[in-house]
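For reference, the structure is listed below as structure tokens.
The values are calculated or read from the model by the stated rules, or taken from the named source; none is laboratory data. What you see is a predicted model, and the numbers here were worked out from it, not measured in a lab. A quick note on method: Cβ atoms are made from the backbone with ideal geometry, for glycine too, and the neighbour counts reach across all protein chains shown. Heavy atoms of the whole protein, side chains included, go into the accessibility calculation; ligands, DNA and RNA do not. Shrake-Rupley method; radii C 1.70, N 1.55, O 1.52, S 1.80 Å.
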Amino acid sequence: MRASIQWLRELTGLELSVPELAEKLTSIGLEVDAIEHFDAPAHVVVGEIRSKEKHPDKDRLSIVRVFDGEKEETVICGAPNVPEPGGHILFARVGASLLLEDGTRLDIAERTIAGVASRGMICSETELRIGSGSAGIFVFEDEPGDAPVPAAGTPLAEALPVGDTVFEIGLTPNRPDCLGHIGIARDVAAIYGQTFEMPAVKAPARVAPGVAGVVPESAERRELAWEGESEETAVDAAGLGPFAVEIADASRCPRYGAAFVLGGKVQKSPFWLRNRLHVLGLRPRSNLVDVTNYVMLETGHPLHGFDLETLRGRKILVRTAIEGETMTTLDDEERTLSADDLLICDGEGPVAIAGVMGGEDSEIGDTTRHVAIECAYFDPRSIRRTSRRLGMHTDASHRFERGVDPNDVPYVLARTAALMAELGGGVALAEGIDAYPAAIAAERIVLRHERVEALLGFSIPAATVRSCLERIGCVMKGDSERLEVYAPTWRPDLHIEEDLIEEVVRIHGYEHVPALVPAIRPSRSGSPLRSSFERRVKEAAASVGLYEAISYAFVSPAELRKARASEDVVKLANPLSEERSVMRTSLLPGLASAARQALRRQAPGVRLFEVGRTTHPRDGQLPEERETLAIFLAGAAHGPDGNTWIGGERAYDFYDLKGFVESVVDGITGRRVALAPEAGVPPWAHPRRVGSIELDGRRIGVAAELHPEVGEAFELEDVRGQLALIDLDVLRTLVGDMDPPRAPELPRVPAVVRDIALVVAREHTAGSIAEVLGEGGGALVESVTLFDLYEGKGVPEGRRSLAFRIVYRDPESTLTDKVVDKAHAKAAKAAKERFQAELR
Amino acid sequence: MSEALEKFRAGLSEIEGAYRPALEAAAEENALREARARFTGPSGALTELMKGMKDVPGPSRRELGQACNALKTAIQSLFDARLEALEKAALQAELEGPALDLTLPGRRPLPGRLHPITRAEYDLLDIFGSMGFEVARGPEIDTFARCFTQLGFPPDHPATDEHDTFYVTGGGEGDDAHVLRTHTSTMQIREMSRREAPLAVVSPGKVFRRDDDATHSPMFHQLEGFLVDEGITFAHLQGMLTVFLERFFGGGIEVRFRASYFPFVEPGAEVDVRRKAEHGGDPGPWMEILGCGMIHPTVLKNVGYDPEKVSGFAFGMGVDRIAMVRHGVPNIKALYENDQRFLSAF
């Protein structure tokens, strides 16, 4: 909502400093997001045309002599509407600096245009930012009304009512009253300790008495209330009445009012009105239309003007649409309507979508003489549904769906009719129509003083409470301990005691609330484990050298297909794009895409982890969200030193992945995982480079090299992506059941270390050989560790050489060589016999 | 005198004369060891000489044996002295020699990093944890009821405009529809519905809105907090959040509470912070940090609490925004691109 400070000053009678007001409005919930200044530029004065002639060569240019009150200047002007000598225009002298709409400045200096020295510029409203949309330069003699033309040399700021500051207020949706200046002015008055008074509606100059045959004799006739005297005059309303209003759906349209102005003339609005609409961001059109917009910006209540002569059957019918019914709105679009949409119809068909937009045929045009002004109250929910369904967000729908004041209809009608008659030279009818089948009354809310203090936490005098509520327009009865408050109908957000308490503290000032710190009583039903577990996982992964990624939880079906992930998905019913249209069932797509990006951007290698959820449909319940730790490696593996000036580069392989998995799970649990053959190889995995991750015999996840075709699908063809997925829900349960690690007994006697190298057939795993060595070596074997693996030259085809380090220890006594030799020989023998191993 | 005896004596005196220059000429340890070996090694001159002892007539053997041993000892002690001198010289040379090239890269353990959002989240959790709040996490997909209706959002109301919602398949109609939660406030309903007051909970997590432009990401992170007990007031809200903000931003900040609107609180407020003016300078610009308010009585009733008996406050903040402010991240999209160069920077 744009708010004119000048207008707020007029409405409140307060001086209002701009920075202070901005701060105060922001503090009471009317947040000022931006401030725009519309100052009259200096060195712009009224100029009088002394002569004009066509440029000898350039048809479109005139050579004009302008008197600026001091001297005559020669100016080249390209506008088509330079007036004849004696006419008055706005003249920017040399030295003026004009701020243009695009934010740049135009400095006026002497310059030669088409061979003629030009000193100064004859300006349009747009160039001076005092108006918009005007064709050509501003000419005083072309202005409506009979105000005297100011003398040449009068500065712009004195010649015209210009100069304003506009606040862009980010309104919260609970404050429809502040979608008009009166509502904002009421809050402004309140924070300056005053009670706002509605401005009186000045009577129009000429009023037609009675109903002039237009308004029928009915209970719905209503006299318009004006202050001051008007001249009574007769009007020719032949064929315009009697005009009927019928509401067929009173729940969607509780109130429909109409007023009439006859015999007006469409022309441009006076400058002050055009300028005000301009600074508030609306484009002026013509006097009759501009008035409806002006009163909307004043009261917050949208209006619609119909060309009375185009309304067929001399009636307005408010009804819901027939499913599939169409009408053309004034933006020239044909709209197809549903049975939930509310229409304004004349005797033959729809003329407007209620509260949203009017129709083309009945709008006020250049030849309109007689106007019917609509001021109604529509059910906010109904307008919102229609505007959402049709994708039409208008100034009117914006206000109606937030809730306008149903009870300001007579005021708004009187105001609009008077202003329209005044500016259009027409005659207002003294009575209008007001169909209000079910009156909407102010809500009664009981406010207990004790509750105010209990909720706010500090004591506040009853008089302050009363004064705050009075200033925002509440009417009160009863005593201070138990106030009966009648909330004004322009505040549809006030329903309960707490709403009033907020109003009290809002107007009183949030800065007066003391900052007290309560004691927190620990809850006996809390369970902090879940979060700290997630944190242990992430910190373990980061501590071993992985970067944490966070990917979008939604992906495209194509990506899931590429990842060979489950396509039993939870779909978004209203995705923003196909790219993000289903909830992920795997963390693979996000990490593989990140890896591809990193490698494209010349990262040598990628080492990422993500802790995130995958989503899986469940019948009749919310989907299942499984929490997963994913580790992804690809590209060049760095040495443990993180750089490569010592040692060469190699690519990450499966054993890097295994190492990361071991370290991370160790970091979380303090235990070693084992890899076992995976029973059901996941389709994304390389069938020969995959293992299930087991902890204490329970499967907690899977580690694998990507299937080459999957890698290729993600454009990772030059690298071998390595992915581990660990089910954190399973791991969390295991960790929860685990006893804390026991303190080990540390041996006090030295160990004896022996190495053994064996050449065995490839099919025997290192793990099985180590196991046999351990068993063969007997009770003295403390550990068996592989330290070298070789195949190739010197080793027969189909076999490989494995070197193990065996640590022997007797916890009770120091071992002798003789004892160790014996055990080591047994270990070697066991391996030889079991695997036909050859000792090297 | 036998010839053998003569020869032995000559050999002995030759070694006596030779070993000192030889050992003293050795400039480093290996040469020194070699020099010694030439005399006392397995095939050294002295060793060889002593092998000829058997040829020496008996009476002289004792005397010559003693002389040989004395020579051996002398060689060894010269060796020891020389070795020590050489070691000292080597140490001296190292201490006075060229310094290391300090610019060669260090051998670092692999660096890993938590995502800046995670870091911000953990910092927030640490502070709230230290103040007595426990942590709860909930599902990212929830019912329309828990996301809106039970929080008191009026139906067909523009208050939901800022919560442009993703619906997912599999849910029912209206309240039973399944949505990607638009805020972590769903956790107010979830936690309060299953537990009794007193209750002090913070809940971080992912949230989703149908908004994708330069300043909006369709997925982002929030942290919700709420405290419900007997006698909790609006003044407590201001006190508690002021303590939090001072701990999070350190001292030297000003905190401003101003009126705002969220359907599930009343009164509602928005909280801004700025750096205090220092040394007569200007204060920093106000930054919007969080939204908060007293939990709406409708919400308390919806979870089965009696608003006349208990009251509470709730607050919510954007974790992404906090991470962005803290690290100077200009564009929210950067948080979700997972560019390793970006991720390694924090």
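Which of the lysines could be linked to A:LYS832 by a straight reach, that is with a Cα gap under 17 Å, when you skip same-chain ones fewer than 8 residues away? Straight-line reach from A:LYS832, under 17 Å: A:LYS822.
Accessible area of A:ILE28 (1.4 Å probe, protein heavy atoms only, ligands and nucleic acids ignored): about 10 Å².
Here the scattering of the protein assembly as shown is modelled by Debye summation over its C-alpha atoms, one equal scatterer each and no solvent; at q = 0.06 Å⁻¹ the log10 of I(q)/I(0) is -0.73. Among the GluC sites (Glu not before Pro) within region B:171-228, those in coil by DSSP and having at most 10 neighbouring Cβ atoms inside 10 Å are B:GLU173. Karplus-based coupling profile of region A:183-191, in residue order and whole Hz: x, 5, 4, 5, 5, 4, 4, 4, 6, with θ = phi - 60° in 6.51 cos²θ - 1.76 cosθ + 1.60 and x standing for Gly or Pro.
Mean residue ellipticity at 222 nm from the helices of chain A, using -39,500 (n - 2.57) per DSSP H segment of n ≥ 4 over the full residue count, to the nearest 500 deg cm²/dmol? Each step should come with its number before you reach the end.
Values: 20 runs with 217 residues, N = 840.
One gets -8000 deg cm²/dmol as the mean residue ellipticity at 222 nm.
Between the helical axis of B:234-249 and the dominant principal axis of chain B, each derived from Cα atoms, what acute angle in degrees is found, rounded to the nearest 10? Its long axis makes an angle of about 30 degrees. Per residue of peptide B:228-237, the mean number of Cβ atoms on other chains within 10 Å of the residue Cβ is 6. Other chains near A:594-601: what is the mean number of their Cβ atoms within 10 Å of each residue's Cβ? Mean partner shielding for this stretch: 3.
Taking amide H atoms as placed 1.01 Å from N in the peptide plane, the amide H of B:GLY293 lies under 5 Å from those of B:ALA269, B:ALA314, each 5 or more residues away in sequence or on another chain. With the whole protein complex present, A:TYR652 retains an accessible surface near 10 Å², based on a 1.4 Å probe. The loop-placed trypsin sites (Lys or Arg not before Pro) in region A:657-705, going by DSSP, that have at most 16 neighbouring Cβ atoms within 10 Å of their Cβ come out as A:ARG671, A:ARG672. Taking label positions 7 Å along the Cα-Cβ direction at both B:ASP161 and A:ALA636, the computed distance is 5.4 nm, reported to one decimal. In region B:117-343, taking the dipole from charged Cβ atoms about the Cα centre, the farthest positive-side position among B:THR186, B:MET219, B:PRO330 is held by B:PRO330. Close amide H contacts of A:GLU678 (hydrogens built in the peptide plane, cut-off under 5 Å, sequence separation of 5 or more or a different chain): A:SER692. For chain A, the longest principal axis of the alpha carbon atoms and the long axis of helix A:766-777 meet at an angle near 40°. Using the charge dipole of the protein assembly as shown (Lys, Arg: +1 at Cβ; Asp, Glu: -1 at Cβ; taken about the Cα centre), state which of A:GLY612, A:LEU675, A:VAL266 has its Cα farthest towards the positive end. So the residue furthest toward the plus end is A:LEU675.
Ordering B:LEU95, B:ALA31, B:SER13 by the projection of their Cα atoms onto the charge dipole of region B:3-96, which places +1 on the Cβ of Lys and Arg and -1 on the Cβ of Asp and Glu, puts B:SER13 at the extreme positive end. Could you list log10 I(q)/I(0) for region B:3-96 at q = 0.14, 0.17, 0.19 Å⁻¹, which the Debye formula gives when each Cα is one point scatterer? With one equal scatterer per Cα and no solvent, log10 I(q)/I(0) is -0.54, -0.71, -0.84.
Which trypsin sites (Lys or Arg not before Pro) does region B:241-346 hold that lie in a coil by DSSP with at most 16 other beta carbons within 10 Å? Provide the component values of the computation, followed by the final result.
Numbers: sites: B:ARG247, B:ARG256, B:ARG258, B:ARG274, B:ARG275, B:LYS276, B:LYS301, B:LYS309, B:ARG321, B:ARG326, B:LYS333, B:ARG341; in loops: B:LYS276, B:LYS309.
Loop-located and lightly packed - B:LYS276, B:LYS309.
Give me the extension gain from A:THR112 to A:GLU23: residue separation times 0.36 nm, minus the current Cα-Cα distance, reported in nm with one decimal. Write out the running numbers ahead of the final one.
Numbers: separation 89, 0.36 × 89 = 32.04 nm, distance 4.80 nm.
Full-extension gain reported as 27.2 nm.
Close amide H pairs (under 5 Å, H built 1.01 Å from N) link A:GLY426 with A:LYS265, residues at least 5 positions away or on another chain. Peptide A:547-558 has a mean shielding of 6, counted as Cβ atoms of other protein chains within 10 Å of each residue's Cβ.
What the pair-distance distribution of region B:117-343 shows, using all Cα-Cα distances binned every 5 Å from zero, is 1, 6, 14, 18, 19, 17, 12, 7, 3, 1, 0, 0, 0 percent.
What is the magnitude of the charge dipole of the protein assembly as shown about its Cα centre, with +1 placed on the Cβ of each Lys and Arg, -1 on the Cβ of each Asp and Glu, and no other charges, expressed in debye to the nearest 20? Don't skip to the answer; put the middle values down first.
Details: 135 positive and 182 negative charges, 1135 e Å.
Charge dipole of the protein assembly as shown: 5460 debye, to the nearest 20.
Sequence-distant contacts, meaning Cα pairs under 8 Å at least 6 residues apart, place the relative contact order of chain B at 14 percent. Among B:ASP211, B:ASP142, B:ASP101, the largest mean-square fluctuation in a Gaussian network model of chain B, built with springs joining Cα atoms closer than 10 Å, belongs to B:ASP101.
If you place +1 on the Cβ of every Lys and Arg and -1 on the Cβ of every Asp and Glu, how big does the dipole about the Cα centre of region B:3-96 come out, in debye to the nearest 20? Intermediate values should be presented prior to the final figure.
On the way: 13 positive and 16 negative charges, 112 e Å.
With only Lys, Arg, Asp and Glu charged at Cβ, the dipole is about 540 debye.
Taken one residue at a time, the phi angles of region A:351-357 give Karplus couplings (6.51, -1.76, 1.60, θ = phi - 60°) of 10, 6, 8, 3, x, 10, 7 Hz. Gly and Pro are set to x.
With respect to chain B, whose longest principal axis is taken over its alpha-carbon atoms, helix B:58-96 is tilted by about 30°.
Assigning unit charges at the beta carbon (Lys, Arg +1; Asp, Glu -1) and nothing else, what dipole magnitude in debye, to the nearest 20, does region A:87-217 show about its Cα centre?
160
Taking θ as phi - 60° and the Karplus parameters 6.51, -1.76 and 1.60, the scalar couplings of region A:780-789 work out to 7, 6, 8, 7, 10, 10, 6, 10, 8, 9 Hz in sequence order, x denoting glycine and proline.
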